[in-house]
Amino acid sequence: DAAFVDRVDLKMHIGLPILRARYQILQTCLEELMRVGIINATTATDSFSPIFLDFDELREYGEHKEETEKSVDTDMIHSDSEHL
């Protein structure tokens with residue numbers, strides 16, 4: 001509120017948490033929404049189990065996907081130049 005900010009002697013900007021912390025915050029919020037039934041995300045066993053990758057698994061998946069996409073792009077460039 002603007003009136004409160006005017007009375008504060010020290011204003012300090014606090015940035016975003018690190019990426020791992022932001023992911024964990026989002027993950028726990030979604031898991032809680034699923035637990036209480038606001039979000040319906042069932043698995044094959046129809047029981048609650050975490051369906052999210054942990055941060056390190058997600059990072060590895062992202063790195064693997066980037067490598068795969070780069071190799072596909074490189075392959076496409078080579079095959080296009082062969083057709084010229």
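Please enumerate the residues belonging to region 19-43 that are in a helix (DSSP H, G or I) and hydrophobic (A, V, I, L, M, F, W, C).
Of region 19-43, the ones in a helix (DSSP H, G or I) are 19-35.
Scanning region 19-43 gives LEU19, ALA21, ILE25, LEU26, CYS29, LEU30, LEU33, MET34.
For region 1-18, what are the residues that are open to solvent by 100 Å² or more (accessible area, probe 1.4 Å) and part of a helix (DSSP H, G or I)? Steps first, answer last, please.
Let us first name the residues in region 1-18 that are open to solvent by 100 Å² or more (accessible area, probe 1.4 Å), namely 1, 4, 6-7, 9-14, 16, 18.
Of everything in region 1-18, those that are open to solvent by 100 Å² or more (accessible area, probe 1.4 Å) and part of a helix (DSSP H, G or I) turn out to be PHE4, ASP6, ARG7.
The values are calculated or read from the model by the stated rules, or taken from the named source; none is laboratory data. Just so it is clear, the structure is predicted and the values come from calculations on it, not from any experiment. Accessible surface areas use protein heavy atoms only, side chains included; no ligands, DNA or RNA. Shrake-Rupley method; radii C 1.70, N 1.55, O 1.52, S 1.80 Å.
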